Structures are given as C-alpha cells and as structure tokens.
Amino acid sequence: MIKVYLDWNVISQMKNGNHTELQNILQNNSKLLIPYSTSHIGDIFSSFNETEEQKELIRLDLDYLSKLTKNHCLSNNGKNVFLDYTSPDELFQQRIETKDIFKNISFDGLREIFNQDESTKKKGETYINSLKSISLGDDFILALQNPETTEQIEKIFPGLKENPTMDGFFQSFNKMNINLNESDEYKDLRKIVQNGFGINRDKIFNTEEPYKLIDKEQKNKGLKIDEHIDNSKNAPEWFNKISNEYILLDMFGYQEDNVNTKKGRKETFRNTTEDAFHASFASTCNFYVLNDNKSYKKTKKIFEKLSIKTIVLKPAEFVDYYNNYLDIKELTSNIPLVLEIIKKFKFHESEENFGKLRTYITPYYLFDIFTKVVIIIDKDQSKPFILLSHDNYENQITYVIEIIKLVDDLNQLFGNDVENFGKAELEEFHAEKWKGRKWIQNEITYRLIINDKHIQLYLDY
C-alpha cells in the first residue's frame, strides 16, 4: 500500500469542499493507506471550547478524519512510532480528560498531582523538597547578575531573577511554557536567538541554502543550538531529530511561522511544534501532502538534509504524481512495467562477490509497494533474476496490513501459491520468521519474503 500522510490544513480544506481531485483519489482507494496522528488531534483540540456550536464543528472534523483514514492512527509510545486502529473521537476525548494534568508544571502543580492519591502524597512531598534543594549552579546565578545577559534570561524565564532557586526555575519554566503556547512570546524568543547569532531574518527567510547560513553563524559562535532544543526520551531519536530541525529552521527565521494572538485562530509556538511533529510522523510514510507554503519549504529542506525518502508535495502536485505513476489500474500491468523500467531507466551497477547488481530507482510503486528494481547477475548462473524492493528511510515500516493486501493481489494475479498457504493471516506474523509465499507461472518462480524487515519479491527465471 502507498502510505500518504496529510497535513491538517489539507484535510480541513477537503472537508470544506476544496481539492476535489485529491479527495476523489483518496476516498475509498484500496491502494492507499492514509493514517492520521496524535498531532491531528492536537490541531483539532486547539479550537476546543465548551460552546455547543464549537463542539458540533469538532464532531464533524473528527467524523471526517475517521472516514478518510479508516481510523488508522500513528502514535508515539516513546520508543517507536506505531500504526494502531483507534477512532479520532476516542483520542480526542482522552485529550480533553488530560488537558489540565500538565497545565501547571511548577512545584505547586506537581504537588497537586501527587496529592490526588494518598499513597503518593507523602512520597511526592519528599520528592519536591529534594528538587527544591538542588542549586541552579554558579554559572547560571552569575548570568542572572550580569546586566548584559539578565534581560534576555528574564524574557525567556520570567521571574527567575527574583527567585534564583530550583523552585523559582520551575515556576519560571511554567510561565515560559504558558507564554510560548498561549501568547506571542515565541516571537521575542525567536528574535533573541536571531540577534544572538547575528542572523539577518530578511536574508535567511527565503534563501535556497538556509543550513549553509545557519551552520556558518553557529560555527562563528562556537555553539550548536539544535543540540539543546530537545534531547528527551519521550520519542524515538529520529523523531526528535526531525522535530528539532524543524524548530531550528523556524527559530532562525527560515520561512518563520506567523505569531498572532489578537484575531482569528491563535498562532503561537504550539502551532510550530505541532507542525514539527507532523513532519516527523510524515517521515514514516511515502508521501506528505500539505498546503502551507512555509511548512512545505521547511519540511523539504529537512528531508533533503537528513536523506529522508518521503516525497513532500502540495495537493495539485500529488494529483499529478498519482495520475502519472501511482494509478496502475490493472494488476497484470505490473510485470510488463518491470521489464519496461529495465529497458528504459538508468541504473547503478556495482560489483559484488557473487556477481553484479544493477539497481533501478523508479517513481512507480509496483504492486503499490515496490520502488526499486534490482537485477542480480550471478557469476555461476546463465540467467539473472530480478528483485523488487523499496528504497526506505530507517524509520519507514512496512505494516502487516500492507503485506496481507500484497499477498491478496499476488494470489489474484498468479493463482493460489505453491504451498497452498492462501490468504495471509495476522497470526503468521507473530512467528520469528514469516513463512512467505511462492508462485510459479510461465516458468517463472515468484518468491515473496521478508528480509531484514524489508518485504521483497524475487522473480527467478
């Protein structure tokens, strides 16, 4: 299946009657897997209030998201991003129930959480008192006393100067968190970063090489700010890397987001972080379709830098790509297309111990999954054999539902497999090694296997 991740703006616009060609392609298309993520829930939640009118609008958003994605959801459990089957409404209700838990991340807020249960109340007080006793460090206290740095620190950590303790730090951090996500304070923080590194916002905003300029200024200052944005363990390392790169580009001024709380929908740091998370979730898919020009440009630069294979497109661009390369209407067209690719496409050839490899990277998705055609020419064989695989980034996963559909398609094309295993069942994939499938047709053996977590189809002549 071809995995397509959509930005919330595109989904919302389709719901309101725009992008009709895109909507016609996406709806009830068995070729496509269209997951939503917890960040989509965050986008919808940003407009939450208790009025009946707004509740109804949110209900319509959640219903549309459910129908479009068939409840396939990407979630982050701290170690991995995984595909689950959960209704958007269920996740949204969970978001409402937990919305106030971490609203106050000062010691007072932490105490309230511990005090909700008598079994944790006493331990919580001991924990909080231990944290309070930790010093902020001499360097930090000296910086607070230095007139050249205290003004900037006060903007980032309001009130810390008056209470330079760990208790004061948590209170200040709580204020900073509220200010960044509820007010326009992110605009000031961004200016501090740009001024501190000598970045000319007008020069970097639309440059073709933002990283070249950023790396130069970071080298001049002897500091890499991306190492200090978020190295937490609440997400896989690759997820944080992509999110951090997104925030870094915006903070330095490349295609920087609007910050506005005075009219219409609030635009704060929360929007930038959700867009950063969208980019991370989208990197697990084949395509990322979005319509926000700033996010589009930032994401393309990040994926290019990190060699991420996900193709970033605007709605009209995806429609063109789909019509040109993805809309293979008949299963019988896939094998002739393999031979056409071998005849017409350029290839990379490498010498191996066993012979030669010729690799073709294609814009097509053969059987809705394979983008790589490899000819393996063995020294001891008179005839080569062909391997279909895919060109993946490290965090792109082939899900079981994709393999089940692929087996169905190959059974339809070639008839039942040689061992008569038939339709692939979920239980097969609980074994240490999947048993695969084999078909023989017209003196060609087709072998479907999983090799090092990659699904591969061998054509042996």
Whether any residue in the stretch 380-388 is out of contact with any Phe, Trp or Tyr (no Cβ under 7 Å at 6 or more places or on another chain), surrounded by 14 or more Cβ atoms within 10 Å (Cβ to Cβ) and within 21 Å of Leu33 (Cβ to Cβ) is what I want to check. no
Residues of the stretch 412-444 being part of a helix (DSSP H, G or I), in contact (Cβ under 8 Å) with a residue 24 or more places away in the chain and farther than 21 Å from Phe385 by Cα, in sequence order, are Gln412, Leu426, Phe429
Given (1) free of Cβ contacts under 8 Å to residues at least 60 places away in the same chain; (2) crowded, with 17+ Cβ neighbours inside 10 Å, index of the condition Glu340 fails: (2)
Please verify whether the stretch 219-233 includes one or more residues that are at pLDDT 70 or above and farther than 22 Å from Asp292 by Cβ. yes
Test for Trp439: is it of a type in the set (A, V, I, L, M, F, W, C), assigned by TED's automatic domain parsing to the domain that holds Ile376 and either within 29 Å of Glu237 (Cβ to Cβ) or surrounded by fewer than 15 Cβ atoms within 10 Å (Cβ to Cβ) (or both): no
In the stretch 16-45, which residues are among the polar types (S, T, N, Q) and surrounded by 16 or more Cβ atoms within 10 Å (Cβ to Cβ)? Gln23, Asn29, Ser37, Thr38, Ser39
Name the one entry in Lys67, Lys55 that is modelled with pLDDT of 95 or more and either surrounded by fewer than 18 Cβ atoms within 10 Å (Cβ to Cβ) or outside the structural domain of Asn240 (by TED's automatic domain parsing) (or both). Lys67
Tyr325: assigned to a helix (DSSP H, G or I) and surrounded by fewer than 16 Cβ atoms within 10 Å (Cβ to Cβ), yes or no? yes
For the stretch 1-29, give me each residue that is in contact (Cβ under 8 Å) with a residue 12 or more places away in the chain, over 17 Å from Asp292 (Cα atoms) and in a helix (DSSP H, G or I). Glu21, Ile25, Leu26
Here are the criteria: (1) part of a helix (DSSP H, G or I); (2) touching a strand residue (DSSP E or B) at 6+ places or on another chain (Cβ under 7 Å). Tell me which single one Cys73 does not satisfy. (1)
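The values are calculated or read from the model by the stated rules, or taken from the named source; none is laboratory data. Because the structure is a prediction, the values reported are computed rather than measured. All Cβ positions, glycine included, derive from the backbone under ideal geometry; neighbour counts span all protein chains shown.
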